[in-house]
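The values are calculated or read from the model by the stated rules, or taken from the named source; none is laboratory data. Since the structure is predicted, the reported quantities are computational estimates derived from the model, not experimental observations. Cβ sites come from the backbone with ideal geometry, for glycine too, and all protein chains shown count toward neighbours. Surface areas here come from the heavy atoms of the whole protein model, side chains and all, with no ligands, DNA or RNA. Shrake-Rupley method; radii C 1.70, N 1.55, O 1.52, S 1.80 Å.
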Amino acid sequence: MTKRFFGDIGPVRFEGPKSDNPFAFRHYDPARLVMGKTMADHLRPAVCYWHNFAWMGSDMFGAPTFVRPWEGDDMKAARLKADVAFDMVSTLGFPFFTFHDKDVVPEGGSLGEFGRNLAEMTDVFAEKMQATKIKLLWGTANLFSHPRYMAGAATNPDPDVFAYAVAQVKNAIDATHKLGGANYVLWGGREGYETLLNTDLVREQEQLGRFLSMVVDYKHKIGFKGVLLVEPKPQEPTKHQYDFDVATVAGFLDRFELEREVKLNIEVGHAVLAHHSFEHEVALAVALGLLGSVDANRNDYQSGWDTDQFPNNAAELVPALYFILKNGGIAPGGFNFDSKVRRQSIDPGDLLLGHIGGIDACAEALVAAVRLIEDGKFDKMRADRYAGWNEPKAQAMLKPAATLEGIAKRVADEKIDPKPRSGRQELFENVVGRYL
């Protein structure tokens, strides 16, 4: 680039909570040690390609509002886009980026041309990654934008669409593997249905299971060491998607014997659309051994769709960070900012400001969650609530030898008559709030 897209802004540095500089971190200090690791190692933040460099500010009611110098559908524009992308990630000092295949190169007139374009850009990325030390958190394939995927990719009633999707995913995995990606994500953007009247649920689920199984087989065949991730989402763009939430995907993986091969990429906004909290989805994934990575954003609670706003409320993130830390961290996953600036935020600097505020909120929540754990009182409160299960008679009820009639007899013999006990929810909430 002869002139930086971001002008003279950056690099962004940590200046502390008293700083008035909008282009400085107030809470995110990448080198700060907390619980034995740096903040950067705990959060592993990533800039996503699609919202920042592929979306031009359009919505269903309005035309694009962003004027970007890399607009165009050729490889020259794609190379300029890559220049700006790596400049932005470097300016923020983030260690990772993420992309869909369609974000980084034009599809061209055929799958062959698409694949050649992606292979060419993979070489460009490799050079930039070597020069900047920026790494790939994950890659993925866009199997939802093109009209061919209007009825799904793996679940499409047309077998040729299924085959095309397989080939496209192969190319995307090859690129991710070559770039040393830590993960590969599969998001079933249109793997679902608009109406059951024209949908064969059994057939489509079997197709999806076979598709994912082939991805697993190919991963091992080429020696890809990254983690395969499925991203749950309940709706939008389809009326009902098969990857509705963590529990639904866990059941699907178990059915096709993939629970040891695939983990989950959990997004805040998708959790909200499923009428869950973010911490619920994270905690359930931890409990099932399926936590892989996180898309950090937030939804507008007054809207019924995925608004992909930057996170700005540390208090809402503390419980999720607590469960992530109790799980031993999130690596090789990370906090990918699947967030976009608003259509009115047309200045280049707005892209940086969104990420600065987002990572600051995550860092503040991280510190609070660390304090919560290190203090020990909160964990003790949780353990005390279940202390009765440590008694021998209680443990015996969960063993294979226990029977319904045996337990009923003990209740009668010992005249067991339990009284209600407070769950003390308000106390738990107050204690968590003390650490911010």
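Listing for the model above:
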item: Theoretical gain in end-to-end length, Asp300 to Ala331 [0.36 nm per residue, Cα-Cα removed]; result: 8.3 nm
item: Over the chain: helical MRE at 222 nm, DSSP H runs n ≥ 4 each giving -39500 (n - 2.57), nearest 500; result: -14000 deg cm²/dmol
item: Kirkwood Rh (inverse of mean 1/r, distinct Cα pairs), region 269-378, angstrom; result: 14.6
item: Kirkwood Rh, angstrom, region 14-156 [1 / mean 1/r, Cα pairs]; result: 17.3
item: Packing-based order for 118-126, 251-259, using average beta carbon neighbours within 10 Å, highest first; result: 118-126, 251-259
item: Theoretical FRET efficiency, 1/(1+(r/R0)^6), r = Cβ-Cβ of Asp200 and Met56, R0 45 Å, to 0.05; result: 0.75
item: Fraction of beta bridges assigned by DSSP in the chain that are antiparallel (%, nearest 5); result: 20
item: Region 136-262 - percent relative contact order, Cα under 8 Å, separation 6 or more; result: 27
item: Part-to-part distance (alpha-carbon centres) for region 11-36 and region 392-409, which is given in Å; result: 54
item: Two-site label geometry, Ala163 and Ser277: point separation in nm, points 7 Å out along Cα→Cβ; result: 5.0
item: Å² per residue, accessible surface of region 1-66 at 1.4 Å; result: 55
item: The chain, relative contact order in percent, only Cα pairs under 8 angstrom and at least six apart counted; result: 15
item: Residue pairs, from the table Lys102/Lys128; Lys225/Lys340; Lys18/Lys135; Lys135/Lys170; Lys128/Lys340, whose Cα atoms sit over 26 Å apart; result: Lys225/Lys340; Lys18/Lys135
item: Within region 281-436: Cβ-based charge dipole about Cα centre, in debye rounded to nearest 20 (Lys, Arg +1; Asp, Glu -1); result: 780
item: Accessible area in the full protein assembly, largest first, 1.4 Å probe, for Thr199, Thr132; result: Thr132, Thr199
item: Hydrodynamic radius of region 1-60 per Kirkwood, over alpha carbon pairs, in Å; result: 14.4
item: Size of electric dipole in region 111-245: Cβ of Lys, Arg +1 and of Asp, Glu -1, about Cα centre, debye, nearest 20; result: 540
item: Rg ratio (alpha-carbon, reference 2.2 N^0.38 Å) - region 121-212; result: 1.28
item: P(r) weight above 13 Å for region 146-188, C-alpha pairs, percent; result: 56
item: Leu436-Arg260 pseudo-label distance in nm [points 7 Å out on the Cα-to-Cβ vector]; result: 4.2
item: Estimated distance in nm for a label pair at Arg4 and Lys409, the labels positioned 7 Å out from Cα along Cα-to-Cβ; result: 7.9
item: Efficiency of FRET from Cβ geometry, Ala387 and Glu15, R₀ 35 Å, rounded to 0.05; result: 0.15
item: Potential lengthening between Thr65 and Arg116 on full extension [0.36 nm per residue; Cα-Cα distance subtracted]; result: 15.3 nm
item: Sorted peptide list for 11-17, 38-44, criterion being average Cβ within 10 angstrom, highest first; result: 38-44, 11-17
item: Accessible area of region 290-436 divided out per residue, in Å², using a probe of 1.4 angstrom; result: 55
item: Per-peptide average of other Cβ atoms within 10 Å, ordering 76-82, 150-156, 64-70 highest first; result: 150-156, 76-82, 64-70
item: Amide hydrogen neighbours beyond the local backbone of Thr38, cut-off 5 Å, H modeled; result: none
item: With every protein chain in place, the chain: carbon and sulfur % of accessible area (1.4 Å); result: 54
item: Unit charges on C-beta of K, R, D, E only; dipole of the chain, Debye; result: 1200
item: Of every Cα-Cα pair in region 50-104, the percent that sits beyond 19 Å; result: 31
item: Förster-model FRET efficiency, 22 Å R0, Met75 and Met129, C-beta, rounded to 0.05; result: 0.75
